[in-house]
Amino acid sequence: MLYKYCAERAIPHERLGKLIVATGVAETAKLDMLLKSAKDNGVDDLQMMEGSQAMEMEPELRCLKALLSPSTGIVDSHSFMLSLLADAENLGATTSYNTAVLSGRVGDEGLELHISESKELENHSIGSPVLPQIVLLPKLLINAAGLSAIPLAKRLDGLDQAFVPPAYYARGCYFTLSQTKSPFSHLIYPLPEDGGIGVHVTLDLNGLVKFGPDVEWLDGKMDDMSCFLNRFDYSVNPTRCSGFYSVIRKYFPNLKDGSLEPGYSGIRPKLSGPGQRPSDFVIQGEEVHGIPGLVNLFGIESPGLTSSLAIAEHIVSRSTARGRRQGAAHRS
Ligand SMILES: Cc1cc2nc3c(=O)[nH]c(=O)nc-3n(C[C@H](O)[C@H](O)[C@H](O)COP(=O)(O)OP(=O)(O)OC[C@H]3O[C@@H](n4cnc5c(N)ncnc54)[C@H](O)[C@@H]3O)c2cc1C
């Protein structure tokens, strides 16, 4: 869906292909498991290859075996988001920036949303209530608040809290390669690690090479308003790069000392904590929690951007089916 959309809207993208590599004997069985899992999920274009074949494709790579995903690619995410915004506005959407949903309520008349300008939140003291400036009565509320989706769902009065999972946050840092010429033409991924998909090689459309993201669990509790204001710490600690060298050299032994520079970081909204089995996206509608018109999206971490159009289609198809059922009920 994403490739088709990008082609139609002239959004810069490239189908580079990805190699997922096993560098130790114990890892080769995990590659087989990944291949099986991909097939079970309808991904049928992966190709298992011997290390020699993969190293012929990528002379700087060292591995025993590899899985090639030919359909993996990169996209200019900012152009993609601007295009989605333009589409939404052309269809009549209004965007309200610097505005926060503070809480909500499931009343007799349906959903009620309490909203305020973000600047009203800035000087609040923890625990004190923030008064809403606007109350909206939406027919459909899609809680896609990313890192704030769980704290916001906790503030929806009338939603059974048994349906709201615990929130975990994990920062992921990227380091960029200082050399200008990329050593690789494909994306190179090690096997997934606890909490992440492994420190991999990613290339952007300008040819910049980045390694990341690592996994740094954030244990400090964040109050809801700070979360809504996105006051997470996005700084990249340069000392973390020492851990990067050893991990990257397993598949890229020629990585030179001093060649990594701090890049940027992102924070993942996770549904599983350290050492727990990774969890999938959670999309909860009325059929789960019983509240008409409410859709909660929890744990939309990577590959949430890649999946965004499919997630949207999934939600729209459910909402329109519900609308049709209601229409039929009105008519009968
Ligand atoms: C390090 C890292 C690497 C990643 N790499 C990839 C990748 O390679 N491929 C991929 O597909 N995905 C990747 N992702 C995941 C991808 O970025 C996310 O899945 C995607 O951004 C989720 O989109 P979203 O709209 O659900 O949430 P977000 O993009 O987080 O948007 C949520 C929005 O809600 C707003 N908001 C929050 N609270 C409130 C409130 N109370 N009221 C009003 N608005 C509010 C926020 O300001 C924000 O604008 C990566 C993520 C990270 C952190």
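Would you check if Phe211 is touching a helix residue (DSSP H, G or I) at 6+ places or on another chain (Cβ under 8 Å), aromatic (Phe, Trp, Tyr), touching a residue at least 12 places away in the same chain (Cβ under 8 Å) and under 24 Å from Lys154 (Cβ atoms)?
When the stated conditions are applied, Phe211 does not pass them.
Consider the stretch 259-282. How many of its residues are open to solvent by 60 Å² or more (accessible area, probe 1.4 Å) and without any contact (Cβ under 8 Å) to a residue 40 or more places away in the chain?
3
Within the stretch 201-208, is even one residue among the aliphatic types (A, V, I, L, M), within 12 Å of the ligand (Cβ to nearest atom) and open to solvent by 30 Å² or more (accessible area, probe 1.4 Å)?
No, that holds for no residue.
Pull up the stretch 245-257, narrow it to residues that are in contact (Cβ under 8 Å) with a residue 24 or more places away in the chain and either touching a Ser or Thr at 6+ places or on another chain (Cβ under 8 Å) or aromatic (Phe, Trp, Tyr) (or both), then point me to the one that is most open to solvent (accessible area, probe 1.4 Å).
The residue in question is Lys250.
Say we look at the stretch 254-307 and pick out the residues that are closer than 16 Å to Gly195 by Cβ and polar (S, T, N, Q); which of these is farthest from the ligand (Cβ to nearest atom)?
Gln276
So, in the stretch 85-115, of the ones that are open to solvent by 40 Å² or more (accessible area, probe 1.4 Å) and either within 10 Å of the ligand (Cβ to nearest atom) or hydroxyl-bearing (Ser, Thr, Tyr) (or both), which residue ends up farthest from the chain's Cα centre (by Cα)?
In this case the residue turns out to be Thr94.
Hey, could you check the stretch 148-183 for residues that are more than 19 Å from the chain's Cα centre (by Cα) and among the basic types (Lys, Arg) and say which is farthest from Arg240 (Cα to Cα)?
Arg155
I want to confirm something. Restricting to the stretch 152-173 and keeping residues that are surrounded by 20 or more Cβ atoms within 10 Å (Cβ to Cβ) and within 9 Å of the ligand (Cβ to nearest atom), which single residue is farthest from Gly17 (Cα to Cα)?
Restricting to residues being surrounded by 20 or more Cβ atoms within 10 Å (Cβ to Cβ) and within 9 Å of the ligand (Cβ to nearest atom), the top hit is Leu152.
Could you tell me which residue of the stretch 174-198 is nearest to the ligand (Cβ to nearest atom), considering only residues that are under 13 Å from Ile20 (Cβ atoms) and among the β-branched types (Val, Ile, Thr)?
Here the residue is Ile197.
The values are calculated or read from the model by the stated rules, or taken from the named source; none is laboratory data. All figures in this text were calculated on a predicted structure; none of them were measured in a lab. Cβ sites come from the backbone with ideal geometry, for glycine too, and all protein chains shown count toward neighbours. Please note that ligands, DNA and RNA were not included when accessible areas were found on the heavy atoms of the full protein model with its side chains. Shrake-Rupley method; radii C 1.70, N 1.55, O 1.52, S 1.80 Å.
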